[in-house]
């Protein structure tokens, strides 16, 4: 490990947290990075509902309104995100950890239950979310075995009275107090 | 606005939160989406330090270890993220709101102060962060006026004893309690 730290406090911590490879550094750093929790749903070509929990959903541009998500090309939902496909981007609430876990679990069981119903455009729509956006895939960039999908937002609604959900330190958390200036 | 909701509670909320355009829906939804706060620093070709606060930093792949960030092509730091450039991805702590604001403010003032020093590879390195990764730009995808940058991680360190920082509802927050199962 390179001598990244530059004060005694950091050197003391380095002795505790031993990072050997770039991959270990990457995994450790991103486990420390808070993220909102989204579920992206769509339909495969045969109409089968598909969806997955994502912590990589990010704003891309405001004009036009676009967002990105990163996904492995071997993921079970990848073909539901092909160019021109329409999806729903769901922003989960603080009381939806069960949905976050279900939509990251066994693919065949993700739509077993009453947490969803067929909604706009016949797309799987989750109940009780903090926000939902209807979006179309306008770009797919494959790099190695993964891809960045660019969505353009077509419609949506928000429910700001639902509390937010944040994933950090390998656990789901509520959001805490505003940081004092 | 399309009839996105499908129960009485959602219909009641729709009457309060009126969203007219896709852009308004996009802005409202992403303001509700929690995000970790990163600062990405590099050098312009003439050696001038460059950097910016980003809430779009996301994991891309674990093997090889890669991450993405979204940026406007007109941004003052864009040329520091060209193919092959090396940068430092800093993950800010809960006590670094001042740095988050400074690195999103006037470009000429971002490196005025003692919050940084020249570090690895002569790159601007911030003090007191929760994690830092040394990374190289391996892909740049321009879509419209914006771009997704793919970084490959080369080295890094973490300081998990520093508290996390999360941005949501247009304010900086601490992270709260773990959500009970």
Search result, residues across the stretch A:89-136 that are over 23 Å from residue A:72 (Cβ atoms), part of a strand (DSSP E or B) and within 17 Å of the chain's Cα centre (by Cα): A:93, A:125, A:131, A:132, A:134
Residue that is farthest from residue B:159 (Cα to Cα) [pool: residues in the stretch B:106-122 that are surrounded by fewer than 20 Cβ atoms within 10 Å (Cβ to Cβ) and touching a strand residue (DSSP E or B) at 6+ places or on another chain (Cβ under 9 Å)]: B:107
Matching residues in the stretch A:67-78 - criterion: being over 14 Å from the mean Cα position of the chain (by Cα) and crowded, with 24+ Cβ neighbours inside 10 Å: none
So residue A:104, is it modelled with pLDDT of 95 or more and more than 7 Å from chain B (Cβ to nearest Cβ): yes
Condition check for residue A:84: more than 14 Å from chain B (Cβ to nearest Cβ) and touching a strand residue (DSSP E or B) at 6+ places or on another chain (Cβ under 9 Å): yes
Residue satisfying all of: in the stretch A:42-59; in contact with a strand residue (DSSP E or B) (Cβ under 7 Å, 6 or more places away or on another chain) and over 18 Å from residue A:150 (Cβ atoms); farthest from the other protein chains (Cβ to nearest Cβ) among these: A:44
Subset of the stretch A:79-102 [in contact (Cβ under 8 Å) with a residue 24 or more places away in the chain, crowded, with 19+ Cβ neighbours inside 10 Å and more than 11 Å from residue A:37 (Cα to Cα)]: A:80, A:81, A:85, A:87, A:88
Counted residues, the stretch A:134-181 - those being more than 7 Å from chain B (Cβ to nearest Cβ), in contact (Cβ under 8 Å) with a residue 60 or more places away in the chain, over 18 Å from residue A:92 (Cβ atoms) and surrounded by fewer than 19 Cβ atoms within 10 Å (Cβ to Cβ): 2
Check on residue A:180, on the phi < 0 side of the Ramachandran plot and assigned to a strand (DSSP E or B): no
Selection count, the stretch A:115-133, where residues are free of Cβ contacts under 8 Å to residues at least 12 places away in the same chain and more than 18 Å from residue A:43 (Cβ to Cβ): 0
Selected residue (criterion: nearest to residue A:172 (Cα to Cα)) from residues of the stretch B:141-177 that are assigned to a strand (DSSP E or B) and in contact with a helix residue (DSSP H, G or I) (Cβ under 7 Å, 6 or more places away or on another chain): B:172
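The values are calculated or read from the model by the stated rules, or taken from the named source; none is laboratory data. Here the structure is a predicted model, which is why all the values come from computation and not from measurement. Neighbour counts run over all protein chains shown; Cβ positions are idealised from the backbone, glycine included.
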